[in-house]
Amino acid sequence: MNKALFLLNMGGPNSINEVELFLNNMFADKNILTMDRYSRKLVSYIIISKRLEDVKVNYGLLGGKSPLLGLTQDLIAKLSPKLDMPIYPVMRYVPPFADIALRDCKDKGIEELVLFPLYPQYSTTTTLSSVEDVEARCEALEYHPKITVIDPYYDDYDYIEASCDEIIKAMEGKDTRDYDLLLSAHGLPVSIIHAGDPYQNQVEGNASAIKIYLKERGIDFHAIKLVYQSKVGSSAWLEPNLVDVLRNPYHRKVVIFPLAFTLDNSETVFELDIEHREIADKIKYDNYIVAKCMNDSDKFVDFIANKIKEYT
């Protein structure tokens, strides 16, 4: 059976001109704003009106675009020799959208789509949203391939090893016992968790697996804490909030590992490494380190390739 691999992600603006498109598509998503469509449209308008210019400025500090698509293309370049199938980057809110890849697959007679979410933990706001988008666009194109979705891999041993490699790299030449390790996951409104989303449980499982892996290898930190970032609005979100933790330090040497991202993006490169660094600088942290995501590391590339082979 002819197969193709889709690497699913939210996406990030590829230029300043795409910022508004990104925000409009994100806040139009029923999995992000879980309310009736009329209320969603109003709330979306209010949020975007308040945030648009600030978000444009933020992306200006990143060179005018998110690094996400370029990093995805780098990952595909290293994956391609290991897998006998075409590989496509598929973004949820900005190009390249799923229909670009789907039209190509339909023309090539591809009979099975393997969807690999670049989100380690499952959430309705990420994996489900992306999968539903692919399914809807298949229907619109009258294209009916078999669809296989790779399961969440947040506690897979090889994935944990690839994650911890990035933490160890970030600490090269330093004594880990002098540092707090903050495992930072993207936050979610508590209402979404209460509605049955498994994200929090899987994030906690991911954090526990990292703690066990590091302990087994004799790598000790002053403390290891799970925190949540990127809160928006006044509703209750998962806690502890990273900003609150940074503003009330028990320890002034920290390394942050982005727990819920596999590729660097605005939440890691801007929010963690620029915006939150300013907080640490004002409070006079002794050291503030942000570990890289796995991006196209050899271990992450091998992990994906092996995972796809398991399913196909």
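When the range 136-159 is examined, which residues are found to be part of a helix (DSSP H, G or I) and within 21 Å of the chain's Cα centre (by Cα)?
Residues satisfying the conditions are Y157, D158, Y159.
Yes or no: the range 214-221 includes at least one residue that is under 16 Å from T268 (Cβ atoms) and either within 17 Å of the chain's Cα centre (by Cα) or not acidic (D, E) (or both).
no
Condition check ((1) out of contact with any helix residue (DSSP H, G or I) (no Cβ under 6 Å at 6 or more places or on another chain); (2) outside any helix (DSSP H, G or I); (3) β-branched (V, I, T); (4) more than 14 Å from L183 (Cα to Cα)) across all residues:
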residue	(1), (2), (3), (4)
G196	yes, yes, no, yes
Q202	yes, no, no, no
N206	yes, no, no, no
Y228	yes, yes, no, no
V232	yes, yes, yes, yes
S235	yes, yes, no, yes
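If you check D302, D273, D281, which single one turns out to be assigned by TED's automatic domain parsing to the domain that holds P198, surrounded by 14 or more Cβ atoms within 10 Å (Cβ to Cβ) and either among the charged types (D, E, K, R) or touching a residue at least 24 places away in the same chain (Cβ under 8 Å) (or both)?
It is D273.
So how many residues does the range 129-177 have that are surrounded by 14 or more Cβ atoms within 10 Å (Cβ to Cβ), assigned by TED's automatic domain parsing to the domain that holds R252, touching a strand residue (DSSP E or B) at 6+ places or on another chain (Cβ under 9 Å) and among the charged types (D, E, K, R)?
Residues in the range 129-177 being surrounded by 14 or more Cβ atoms within 10 Å (Cβ to Cβ), assigned by TED's automatic domain parsing to the domain that holds R252, touching a strand residue (DSSP E or B) at 6+ places or on another chain (Cβ under 9 Å) and among the charged types (D, E, K, R): 1 in total.
Please indicate, with yes or no, whether at least one residue in the range 215-233 is surrounded by 19 or more Cβ atoms within 10 Å (Cβ to Cβ), of a type in the set (S, T, N, Q) and modelled with pLDDT of 95 or more.
yes
The values are calculated or read from the model by the stated rules, or taken from the named source; none is laboratory data. Since the model is a prediction, treat every value here as computed from it, not as a measurement. Backbone-built Cβ (ideal geometry, glycine too); neighbour counts: all protein chains shown.
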